[in-house]
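Worksheet: one structure, shown below.
The values are calculated or read from the model by the stated rules, or taken from the named source; none is laboratory data. What you are looking at is a predicted structure, and each value in this text was computed from that prediction instead of being measured. Cβ sites come from the backbone with ideal geometry, for glycine too, and all protein chains shown count toward neighbours. Quick note on the areas: whole protein, heavy atoms, side chains included, nothing else; ligands and nucleic acids left out. Shrake-Rupley method; radii C 1.70, N 1.55, O 1.52, S 1.80 Å.
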Amino acid sequence: MEQLLGFAVPGVPYGCAYAVFAVGLVLTYQTTGVFNVGYGAQAYVSAFIFAWLVDDHAWPTWAAFVCAVVIVGPGLGLALDRFLFRRIPSSNTTAKIVTGLSLLVGIPALLPVVFGNQNLVGAPSIVFNPDTVYFHLGADVPVNGIYLSAVLLTVVMLVVLVLLLRTTRLGLEMRAAVESPRLLELEGVNARRVTATAWAVCGLMAGLAGVLLAPTEVTVQAQDYVTLMVAAIAAAAIAALRSMPVAAVVAVLIGVLSLTAQGYLPTSSFWYSAALPAFPFLVLVGALLFVPGLRHLDEATDPLSSVDPPPPPPVAGVRGREVDRLVRTVFFALLFAAVVSMLTWMPPTWETVLNQGMAYSVVFLSVTLLTGTAGQLSLAQATLAGIAAFTAGQLANHLGLDFLVGGAVGAVAASVVAGVLALASLRLRGLGLALMTLAAALLFDVAIFPAQAVSGGTGGITLEPRWLPLDLFAPNGHAYFLVVLLVLVLCAGGVALVQRGTVGRFLAAMRGSELGAAGIGVNLPWQRVLAFALSGALAGVGGALLAIQQTVIAPGEFNYQLSLAFVVIVVTTGVGTVEGAIQAGIGLVVVQQLMQYAPQRLQGLTFVLFALGALAYAAHPEGVVELEKRRWTERAERVLARRHRAPATPAVTGRP
Amino acid sequence: MTGDDRPILELDEVSAAYGPYRALFGVSFSVARGAVVALLGPNGAGKSTVARVASGLVPASSGSVRVDGRDVAGEPAWRIARFGLAHVPEGRGVFDSLSVEENLVLSFQRRGGRVQISASLEQAYERFPLLKERRQDRAGTLSGGQQRLLSLAKVLVAPPKVLVADELSLGLAPGVVDDVYAGLADVRREGTALVVVEQQVDRALALASSAVVLERGTVAYFGPPSGARAAVEEVVDRRARGRRQAASS
Ligand SMILES: Nc1ncnc2c1ncn2[C@@H]1O[C@H](COP(=O)(O)OP(=O)(O)O)[C@@H](O)[C@H]1O
Ligand SMILES: [Mg+2]
């Protein structure tokens, strides 16, 4: 008993940290309709600023608290509402998730850029002194300020929020605003203000959580950042994103059970090294598979959505024949010029860069197919790419197989994994599906890719020239360029064919409305598995191509952040078309290369650019490039019409 | 009734569009205090759009909308609602995810404190005992007819100056339609002016003091109910002829 207590009690602050975030996730979902995984990042901002003010500027604790929690917290929440989430139509689940994830990735990268490198070591405690042992549980299990702060914070926050949501006027209005802001306006309530208030309240809670948890060192900054996030998401999922008390209890249990198991399991066993880190992921996957409430997450729809005009059709569909011919000619001329330059005068650095861009383009085509055409959001595309890369590496290593052949085998493996993932999550849609793929990606990051048998451990797999016959590894040879170009053209052509063919039409129907698609006889489960499998294969091919350009394939290289970045980049550029994917791939490497010339402090900005991309995306869900294309097409059409003096047909435009 | 003879709702040359798709072209009519106007016309004529422009859900691109003499063009929907215009939208007009009681409270709490809210609830339950039975259930589990009654209950307890009711009878069994129209008659008795959007011409005209017939976003008829039926038939006729021509060419 004494031993059990000794193992279990240290789990309490972890569990409370998970609980605070789980409750925050449920709160934001209930009051704003957004599953805001960026909540952790919001907490981090307040904690960061608090520590920065106290340590570096010697502010008194109370003043720093007021600034970081009472001002910055709600302010950040309001800013998120004003500049991001307000612009996203509530039915656009993809945009909401992608935006939240970009915050999660972008904000921690931005802070060091703004404030210089900092850490939170010296963050003072507000309520209890962390080092003081206040009393003992049983005979000798000490309870110090960390435990007390964590428990107090969790309980107080839970009680306050439940009361706010269930018994107050504001709580009722916030819940109503989530379902239909317009219907709420018809009741004479300013729905925008209600939603803004909700974001401010969530921001305040996030700030409070960040500052109070910072000294306990189970914070967003610790290396178990991912575990914190996943445990919180899992607890929120088990509560079906509805009940805050359930979420809190489950979160505490996850923390306590993990630490208790950690105490009892022998450190050398498989259970300790693989199963324990995977525990929160398994809880999350289990919740997604078995909690019925999660299947209906996106179903409560706004009855007044019929007031919105339909989204504008893609540019390619509306541009006139003449403009179309012009665009095509210019495109092929550019392509030809690019190929000739590559083979003749292009400096090797830039050739490498563009090669990489083409490899990325192949991976991005997988997003185009899955998200753009079929309307399914996957946050595991980098994982799929990694599966193919490691498969090719191991096959070459053990069997001496040609890396390109191994890459093809790897692509098949990635395709199978994607198919299985789709099969497992057949009953999920929208947010549920995104979380499932995120869980899979994180599971691979934490438990599978680091394994010796997969990636050769932390050292990774070192590529050897003899694995490739064609001199492909030689940086200056053009062989690799030709191979990537060929693969890219084949993949792009393939995706374009799929989009235009029967399958593409089925997938597009599924994207429009699953119910409607089922109505016209589309076999939804099969189409979805097919879309995932095809997309997995594309990601795998791209992953193998990316791997060839490196000397070592390391386990951390295909992590969930990269998947996130992929999705954000593609959806911001334009997820609907093959051109969009290629522009995204080339654009990414060109920006990265240009960043090389930027000052050291700005290196972290690549991720910030993603966040900015998300900002642009929130305003124009069809993609930035798509938007510009529309503008230019309209301009060109006007010019052409004037020249021919033809009776100008009123172009149907998306911009009134 | 007050001696005030300004119309309670007045549309003057109102045009409106959904993004690039234009839906109304210079619609004008007015609703006198306490009057009932039937808003008729075939599917897609623009009836719901008129209702939405009146309540501010869709902005008018030109023309003016006056509620109780006040120009509300450009005002957000919530402010127009506070000026005294209630709009029960087409289809579902209640919050699915809230309970029946929460739906009612949401509506009442703008006007008073806790005491007043519970008095209002009493009143609503007295008029519609069925709602009392189901007050803890989510409104999404109510049948279509019960949802319309819930919408009417809100309006009955705190009567607005004008109620725009969009196709209240759509998809209901005849018996339930009777209940809904009984509710509408009650609302009228409270002194509220009504704009009744309907496909069921007879029902609406029986209640109406004047009628508007819309055709492709314009007013084809505005006058006493007696002439409305002929106007509707003419519009339907014209549409059928247009279709036939389109098909043959
Ligand atoms: N959300 C929308 N986006 C684009 N067009 C719409 C939208 N809602 C209605 N319309 C169009 O506006 C016109 C009028 O529609 P509506 O007012 O709903 O007609 P009614 O209520 O008389 O059936 C129709 O041509 C319809 O297609
Ligand atoms: Mg209608």
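Taken about its Cα centre, segment B:95-141 carries a charge dipole of roughly 160 debye when the Cβ of each Lys and Arg holds +1 and the Cβ of each Asp and Glu holds -1.
How big is the A-B contact in terms of buried accessible area, both chains counted, 1.4 Å probe, rounded to the nearest 100 Å²? Spell out each step's value before the answer.
Details: alone 28950 and 12210 Å², together 38520 Å².
Accessible area lost upon association: around 2600 Å².
Per residue of A:77-87, how many C-beta atoms from partner chains lie within 10 Å of its own C-beta, taken as a mean?
Other-chain Cβ atoms within 10 Å of each residue's Cβ, averaged: 0.
Let me know the Kirkwood hydrodynamic radius for segment A:29-69, please, with Cα pairs as the basis and the value in Å to one decimal. Show your work: numbers first, answer last.
Numbers: mean 1/r = 0.0891 Å⁻¹.
Computed over segment A:29-69, the radius equals 11.2 Å.
By the helix-only formula, in which each DSSP H run with n ≥ 4 contributes -39500 (n - 2.57) and the sum is divided by residues, the protein assembly as shown has a 222 nm mean residue ellipticity of -19500 deg cm²/dmol.
Our analysis of segment A:409-546 gives Rg over Rh at 1.05, with the two radii drawn from alpha carbon positions and Rh computed by the Kirkwood formula. Toward the positive end of the charge dipole of the protein assembly as shown, with +1 on the Cβ of Lys and Arg and -1 on the Cβ of Asp and Glu, the farthest Cα among A:THR368, A:VAL412, A:LEU164 is that of A:THR368.
What the phi angles of segment A:508-522 give under the Karplus curve with 6.51, -1.76 and 1.60, with θ = phi - 60°, is a coupling list of 5, 5, 5, 5, x, 7, 5, 5, x, 4, 4, x, 8, x, 7 Hz, glycine and proline written as x. Residue by residue along B:10-18, Cβ atoms of other protein chains within 10 Å of the local Cβ number 1 on average.
Would you mind calculating the gained length between A:ASN523 and A:ALA278 on full extension (0.36 nm times residue separation, minus the Cα-Cα distance), in nm to one decimal?
Values: separation 245, 0.36 × 245 = 88.20 nm, distance 3.39 nm.
Value of the extension gain: 84.8 nm.
With the biggest extent put first, the Cα atoms of segment A:152-214 measure 42, 19, 14 Å across the principal axes.
Based on the Cβ-Cβ distance of B:GLU190 and A:LEU164, what FRET efficiency does E = 1/(1 + (r/R0)^6) give at R0 = 45 Å, to the nearest 0.05?
Calculated transfer efficiency: 0.80.
With q set to 0.14, 0.19, 0.21, 0.23 Å⁻¹, the log10 of I(q)/I(0) for segment B:46-161, from the Debye formula over equal scatterers at the Cα positions, is -0.63, -1.01, -1.14, -1.25.
Averaging Cα coordinates gives a centre for segment A:338-402 and one for segment A:76-91; these two points are 34 Å apart. Of the peptides A:233-243, A:554-564, the ranking by mean beta-carbon count within 10 Å, highest at the top, reads A:233-243, A:554-564. Placing +1 on each Lys and Arg Cβ and -1 on each Asp and Glu Cβ, with no other charges, gives segment B:46-118 a dipole about its Cα centre of roughly 200 debye.
The slack in the chain from A:GLU464 to A:SER305, taken as 0.36 nm per residue of separation less the alpha-carbon distance, amounts to 51.5 nm. A full extension of the chain between A:PHE83 and A:ASP56 corresponds to an added length of 6.7 nm, given 0.36 nm per residue minus the alpha carbon distance. Per-residue mean of foreign Cβ neighbours for B:88-94 is 4 (Cβ atoms of other chains, 10 Å radius). Modelled label positions at A:GLU628 and B:ARG79, each set 7 Å beyond Cα in the direction of Cβ, lie 3.8 nm from each other. Spin-label model, A:MET595/B:ASP71: points 7 Å from Cα along the beta carbon direction are separated by 5.2 nm. Per 10 Å bin, what is the whole-percent P(r) computed from every C-alpha pair distance within segment B:95-141? Histogram of Cα-Cα distances, whole percents per bin: 30, 55, 15.
In this structure, the amide hydrogen of B:TYR18, modeled 1.01 Å from its nitrogen in the peptide plane, lies closer than 5 angstrom to those of B:ALA23, counting only residues at least 5 positions away or on a different chain. When you count the other C-beta atoms within 10 angstrom of each residue and take the mean per peptide, B:10-21, B:27-38 line up highest first as B:27-38, B:10-21. The listed residues A:THR260, A:THR167, A:THR551 rank as A:THR551, A:THR167, A:THR260 when sorted by accessible area, largest first, using a 1.4 Å probe.
Kindly work out what percent of the DSSP beta bridges joining two residues of the protein assembly as shown are antiparallel, to the nearest 5. Display every interim value, and only then the final one.
Values: 27 of 44 bridges.
So the antiparallel bridges amount to about 60 percent of the total.
Provide the FRET efficiency to the nearest 0.05 for the A:ALA496-B:ALA247 pair, computing r from the beta carbons and using R0 = 30 Å. Each step should come with its number before you reach the end.
Details: r = 36 Å, r/R0 = 1.21.
About 0.25, to the nearest 0.05.
Each distinct pair of alpha carbons in chain B adds a 1/r term; the inverse of their mean, the Kirkwood radius, is 18.8 Å. Distance between the pseudo-spin-label points of B:ARG238 and B:ASP5 (7 Å out from Cα toward the beta carbon): 3.1 nm. Ranking B:LEU24, B:SER55, B:ALA45 by how far each Cα lies toward the positive end of the dipole of segment B:1-75 (charges on Cβ) leaves B:ALA45 at the top. If only the Cβ of Lys and Arg carry +1 and only the Cβ of Asp and Glu carry -1, the dipole of segment B:1-131 around its Cα centre is close to 140 debye.
The mean accessible area for residues of segment B:95-141, using a 1.4 Å probe and ignoring ligands and nucleic acids, is 54 Å² per residue.
Solvent-free Debye calculation, one equal scatterer per alpha-carbon of the protein assembly as shown: log10 I(q)/I(0) at 0.04 Å⁻¹ equals -0.22. Ligands, DNA and RNA excluded, the heavy atoms of A:TRP59 present near 110 Å² of accessible surface to a 1.4 Å solvent probe. Amide H to amide H, with H built 1.01 Å from N, A:LEU137 comes under 5 Å of A:VAL143, counting only residues 5 or more places away or on other chains.
Based on the alpha-carbon gyration tensor of segment B:141-221 and its eigenvalue square roots a ≥ b ≥ c, which shape applies: rounded if a/c is under 1.5, prolate if not and a/b is larger than b/c, or oblate? Could the numbers behind the result be given before it?
Values: a/c = 1.88, a/b = 1.30, b/c = 1.45.
In terms of gyration-tensor shape, oblate.
Give me the tail of P(r) for segment A:374-436 as a percent: Cα-Cα pairs with distance above 14 Å. It would help to have the intermediate numbers written out before the result.
Numbers: 1153 of 1953 pairs.
The share of Cα pairs beyond 14 Å in segment A:374-436 comes to 59 percent.
By a 1.4 Å probe calculation restricted to protein chains, B:LYS154 has an accessible surface near 20 Å², given to the nearest 10.
What whole-number volume per residue, in cubic angstrom, does the convex hull of the C-alpha atoms of segment A:1-150 give? Present the calculation step by step, with values, prior to reporting the outcome.
On the way: hull volume 20.5 nm³, N = 150.
In segment A:1-150, the Cα convex hull volume per residue is 137 Å³.
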